[in-house]
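Below is one structure, written out as structure tokens; the observations come after it.
The values are calculated or read from the model by the stated rules, or taken from the named source; none is laboratory data. As the structure is a prediction and not an experimental result, all values here were calculated from the model. So basically every Cβ, Gly included, is an ideal-geometry build from the backbone, and we count neighbours across all protein chains shown. Accessible surface is based on the protein model in full, side chains and every heavy atom, while ligands, DNA and RNA are left aside. Shrake-Rupley method; radii C 1.70, N 1.55, O 1.52, S 1.80 Å.
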Amino acid sequence: MSELYCNNCGHRNAEGSNFCSSCGQPLERPADEPSTITFQLDQASEDEVVVDLQDVGPDGVMLVTRGPNAGSSFALGQAITTAGRHPDSDIFLDDVTVSRRHVEIRRTPDGYLVRDVGSLNGTYLNRERIEEGPLVNGDELQVGKFKLVFVAGGEV
């Protein structure tokens, strides 16, 4: 077997896939083929992300360090910045591990506040599951399989 086609959307998926990479539906497998799941431990990456703080600006940014969008940056210039799998999200994270409306980053007079908005897989701030918490320079936010780093450019 070299390819699997999704019965829901018709998307062609790689061999060994258990779920459709387009719509997230479980893929049907032949009865004689065993169902398995593979886990990979999170290991430190040797890749470095270098940020010129002059390019950040006063509002700060979220940098994607792990996941399909690694290397992307998103400005936090609005009062509320949304992140999720919904195409209208300010930070669009296209993966089934991310809820459509996953998290909000709110700018307050005291700094930035991150809040999970009812996601299924949870939101993690510095590897601890949170419902809400403050963001400070260098914090790591995990949304699904994406890891984002908060970089403050000016006074927050």
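Assorted remarks:
- Residues with amide H under 5 Å from that of Val103, placed H, sequence gap 5 or more: Ala83, Val117
- Segment Glu3-Val136, length gained on full extension (0.36 nm per residue, minus Cα span): 43.4 nm
- Placed amide H near Arg66: partners under 5 Å, 5+ positions off or other chain: Lys147
- Put a dot 7 Å past the Cα of Ser17, heading toward its Cβ, do the same for Ala70, and the two dots end up 2.1 nm apart.
- Order of exposure, largest accessible area first, which applies to Glu132, Glu104 with probe 1.4 Å: Glu132, Glu104
- Cβ-derived FRET efficiency at R0 30 Å, Glu28 paired with Ala79, nearest 0.05: 0.10
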